[in-house]
Structure formats: C-alpha cells, structure tokens
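Here is the structure we will look at, set down as structure tokens.
The values are calculated or read from the model by the stated rules, or taken from the named source; none is laboratory data. The shown structure was predicted, so the numbers you read here are calculated from the model rather than taken from an experiment. Neighbour counts run over all protein chains shown; Cβ positions are idealised from the backbone, glycine included.
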Amino acid sequence: MVMDPQLVLFRRQYLQLVEPDFVAYPPKQLLKDPDVQAWLYRRLFDSERNDRLPPERYQLRIVKPLLAKVELAIEDPEEDVRASLIHDKSVLELGAGTGFLSILCAKHLEARHVTATDGDEGVVEALRENLFLNGLDQEEQVVTSILRWGRGLQGTWVEEDCEAWPYDTVIGADITYDKIGISALVATLRLMFDLRPKLRAVISGAVRNAETFESFRSACLRNQFAVVEVEFKPKTMP
C-alpha cells in the first residue's frame with residue numbers, strides 16, 4: 001500500500017500524544033478502505049508489532065472517535081466489502097462445485113473476470129453446463145478448468161491465466177472439511193500468494209469439527225498468512 005501523507009501525519013500526532021481534539025484524522029475516502037483500516041490497526045494499536053505505544057487511556061481516547069469516523073465513512077458496509085473484494089476484480093474460485101459463487105460474482109457482483117476451478121473433471125463439466133444455463137457460457141468473463149491442489153503452478157495454465165487476468169481475490173466455500181486435503185489446499189494458497197503477493201483469500205465454511213478447522217488455521221499461520229476470522233451469524237429462514 002502506498003503510504004498517504006495524511007496517514008503518516010495522523011500516526012505521528014498519535015505517537016506524540018497530541019490532544020485528540022487537535023489530531024488530523026484521515027479523511028473519509030481513506031478510512032473506508034479496508035487496507036487502510038488494517039494498516040491503522042497494525043501501526044497504531046497492535047502491541048505485538050509495536051514496542052512503544054501511547055498509554056492505553058490515550059489509545060482509547062483516539063480509537064473511539066476514529067471508529068466513529070470509520071463507521072460514518074462506510075455508508076453501506078456490505079456494499080463496500082463487495083466493492084473492495086469482487087467488483088471489477090479478477091476472482092479465482094477453488095473447489096467451485098456447482099459454480100454458485102463464480103456465477104454470483106460474474107453475474108451479480110460485477111467481477112471483471114472469474115476463473116472457476118475444481119479438482120474433479122466431472123464436476124468441471126457440470127459447472128460448464130451451469131454457466132450455460134445462466135447465460136455465461138459464451139462470455140470470456142468466466143473460464144473453467146481443473147485445478148488439483150498441492151501441485152506446482154509454474155509453467156501451468158494457472159500461471160498463464162494469472163498473467164492474463166492478474167488475480168485479486170481467491171474464494172472458496174466449504175473446502176476445509178477434510179483434514180487430509182488441508183495441507184494441499186494451503187500449499188496451493190501459498191503458491192498463489194507467490195504469484196500475487198497482494199492477493200486476498202476469502203475461505204468460508206461451517207465448523208463441523210473444531211480440530212479440522214484448527215488444522216487449517218494452524219497451517220495458514222505456519223505459512224505466515226495474515227488470518228482474520230470473520231464471524232457470521234446464520235439467519236433463520238422465514
């Protein structure tokens with residue numbers, strides 16, 4: 001992320017314990033950016049990354065108005081998340097299955113390009129039929145292919161596809177249930193990050209087995225991935 005002078009000024013004033021009423025908070029267009037929000041946490045409040053931080057009481061006096069400004073900057077949180085991860089982005093889906101997510105991204109969330117993959121040839125064939133049924137079979141916006149996890153990507157179609165459509169976001173739903181396949185999945189994610197260091201990966205799934213989920217999380221941490229767990233409360237059907 002290119003460092004904005006307004007962020008540098010804000011951090012400098014924060015470390016100098018400038019009275020909160022006189023601090024130059026970053027403007028709305030910066031505060032609504034998820035990358036900026038992550039940077040603010042890492043550089044201003046994460047005690048594991050910063051040896052010297054202001055007293056906790058001062059931090060609290062800063063974080064309260066800062067959070068209020070972030071909330072005001074995000075008029076529609078769902079819209080902002082969608083825009084930052086999918087809208088006009090190049091998306092790669094792992095373990096696509098029926099292709100529901102890929103179709104959703106291409107047809108409704110306005111992704112620039114979607115590459116839908118699965119490790120099973122029969123599944124990929126069925127996926128192509130689903131694209132046809134949704135009017136996406138004749139468009140270059142969505143491509144499908146077989147991708148088996150845990151194998152090298154150098155010199156493969158993945159490397160070529162990533163050069164043609166540099167991936168911004170990797171998505172996967174319900175692909176962490178098998179403890180045996182987790183190491184291969186994380187190895188593939190590692191190779192993806194080697195191709196695209198600024199890549200974002202969004203992996204969702206129900207925690208059927210706490211031990212299996214922890215295996216996935218631990219494997220991610222061993223590969224030095226920045227892991228953020230997002231809780232999602234299910235909504236009951238009417």
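The residue of region 26-58 that is surrounded by the most Cβ atoms within 10 Å (Cβ to Cβ), among those that are basic (Lys, Arg) and farther than 17 Å from GLN13 by Cα, is LYS32. For region 152-174, name all the residues that are loosely packed, with under 13 Cβ neighbours inside 10 Å and under 19 Å from LEU185 (Cβ atoms). Residues satisfying the conditions are GLY152, GLN154, ASP174. The residues of region 53-66 that are free of Cβ contacts under 8 Å to residues at least 12 places away in the same chain and either charged (D, E, K, R) or under 17 Å from ASP4 (Cα atoms) (or both), listed by number, are GLU56, ARG57, LYS64. Which residues, taken from region 191-216, are in contact (Cβ under 8 Å) with a residue 12 or more places away in the chain, among the small types (Gly, Ala, Ser) and either within 18 Å of ILE86 (Cα to Cα) or part of a helix (DSSP H, G or I) (or both)? Matches in region 191-216: ALA201, SER204, SER215. The set of residues in region 108-135 that are crowded, with 17+ Cβ neighbours inside 10 Å and within 17 Å of HIS87 (Cα to Cα) comprises LEU109, ALA111, HIS113, VAL114, THR115, ALA116. Is at least one residue of region 9-25 more than 27 Å from ALA111 (Cβ to Cβ) and either modelled with pLDDT under 90 or polar (S, T, N, Q) (or both)? Checked against the condition, which is being more than 27 Å from ALA111 (Cβ to Cβ) and either modelled with pLDDT under 90 or polar (S, T, N, Q) (or both), region 9-25 yields at least one hit. Summed over region 41-61, residues that are over 21 Å from GLU19 (Cβ atoms), of a type outside the set (Lys, Arg) and either in a helix (DSSP H, G or I) or not assigned by TED's automatic domain parsing to the domain that holds VAL18 (or both) total 1.
Just checking, does region 211-225 include any residue being modelled with pLDDT under 90, loosely packed, with under 12 Cβ neighbours inside 10 Å and of a type in the set (Lys, Arg)? There is no residue in region 211-225 that is modelled with pLDDT under 90, loosely packed, with under 12 Cβ neighbours inside 10 Å and of a type in the set (Lys, Arg). Residues in region 206-221 that are in contact with a helix residue (DSSP H, G or I) (Cβ under 8 Å, 6 or more places away or on another chain) and either among the charged types (D, E, K, R) or closer than 21 Å to ASP168 by Cα (or both): GLU211, CYS220. It is to be established whether one or more residues within region 74-86 are surrounded by 15 or more Cβ atoms within 10 Å (Cβ to Cβ) and modelled with pLDDT of 90 or more. The answer is yes, given that some residue of region 74-86 is surrounded by 15 or more Cβ atoms within 10 Å (Cβ to Cβ) and modelled with pLDDT of 90 or more.
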